[in-house]
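Report on the structure given below.
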Amino acid sequence: MRASSFLLFASSFCLLTSCLLTSAQAENLQHHNTDLARSLGSPYSEAVQVGSTLYLSGQIGNVPGALTLVEGGIGPQTEQVLKNIKAILERNGSDMPHVAKCTVYLADIKDWPAVNNIYRGYFQAPYPARSAFATGGLPLGAAIEIECIGVLR
C-alpha cells in the first residue's frame, strides 16, 4: 500500500471512529441540503448537524448546482471551494470563524503554497486545525476538495 493511500485510509478510519454517535445523538441528527444540492442527485448531505456541531461534506470548485468546475486551475477552484463552504456554513447557522477543523485534499501537493495564500483570505488566526493530503484523484477531475467541521454561532 502506498504511503499516501495508507494515510488516507488511516485518516478516514480515525474520522469514522471519532464520529460514531450515541443513540441520543443519532436522534438529534439533522441533514441539511438545498434544492441545488438535491438537484445533482448525489448520495450525500451538504451538511449534517449533531447538536451544535456541523459536519460539511467535501466541497470541490464547482458552481453550486452544476457539475462543472470553474476554469483556471487551483487558484479559482480554491476560491470557489471556500465560497461554497462559507455559503453552506451561513445557511446553517455558522460562519468561517466557527470552523474547528478542515481537511484539504489536493490532486497535486505542489499546489499547497497557492492554496495557503487563498486560505488566509477566508480564515484568520487563530486558524482551524487542518490536515492535507495529496490524492490519486478527486471528483470531476478537481484540483482540490475541502471538508470542514464547524460549530453553530
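Every number in this text was worked out from the coordinates using simple rules, so none of it is lab data. Everything quoted here is computed from the prediction, not taken from an experiment. All Cβ positions, even for glycine, are placed from backbone atoms using ideal geometry, and neighbour counts span all protein chains on display.
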How large is the dipole of region 49-153 about the Cα centre if only Lys and Arg carry +1 and Asp and Glu carry -1, each at its Cβ, rounded to the nearest 20 debye?
280 debye
Semi-axis lengths, Å, region 27-153, gyration tensor of Cα atoms, sqrt of 5 times eigenvalues
22, 18, 12
